[in-house]
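What follows is a single structure, written as structure tokens, with notes after it.
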Amino acid sequence: MLEDAEAYGLELPPGMLRGQDFEVWEENWQAVDLFLLNETQWHIGERLPVWDYSSVLEVASLYLPDPAVRKRVFEQVRIMERRVLELCEERRSS
């Protein structure tokens with residue numbers, strides 16, 4: 001994780017590399033799983049990292065064959081993606 005952060009010019013806050021337990025609500029587990037399955041699909045854009053959606057959607061179709069479930073989970077993952085981008089922007093501007 002540290003190498004990835006450095007590649008994006010980010011400095012991780014103290015304690016971030018230590019294991020941290022946190023609760024994930026049952027209805028969000030599929031989104032967390034999909035997000036983590038695609039952790040290598042980030043690429044460096046002009047200002048911020050960008051996600052390769054074609055790869056993300058391909059992985060989603062492998063693990064979530066029901067189109068309605070895939071759409072719902074993809075929308076949840078996009079919320080997570082937006083938060084990642086917000087954090088990256090905050091770190092770049094500080």
Which whole-Hz ³J(HN,Hα) couplings does region 53-67 yield from phi under the Karplus relation 6.51 cos²θ - 1.76 cosθ + 1.60, θ = phi - 60°, glycine and proline marked x? 4, 4, 5, 4, 5, 5, 5, 4, 5, 6, 9, 10, x, 6, x
In nm, what is the difference between 0.36 nm times the number of residues separating Trp29 and Leu62 and their Cα-Cα distance? 10.3 nm
With the charge dipole of the chain built from beta-carbon charges (+1 for Lys and Arg, -1 for Asp and Glu) about the Cα centre, the Cα from Ala31, Ala68, Val56 projecting farthest to the positive end belongs to Ala68
Please turn the phi angles of region 22-35 into ³J(HN,Hα) values with the Karplus equation 6.51 cos²θ - 1.76 cosθ + 1.60 (θ = phi - 60°), one per residue in order, whole Hz, x for glycine and proline. 8, 8, 10, 5, 3, 5, 9, 4, 4, 5, 4, 4, 5, 4
Return a whole-number percent for the relative contact order of the chain, with Cα pairs under 8 Å and 6 or more residues apart as the contact set. 31
Toy charge model, Lys and Arg Cβ at +1, Asp and Glu Cβ at -1: the chain dipole around Cα centroid in debye, rounded to 20, equals 260
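FYI, it's all coordinate maths here, none of it is from the lab. Keep in mind the model is a prediction, meaning the values are calculated, not measured. Cβ atoms come from the backbone with ideal geometry, glycine included; neighbour counts cover every protein chain shown.
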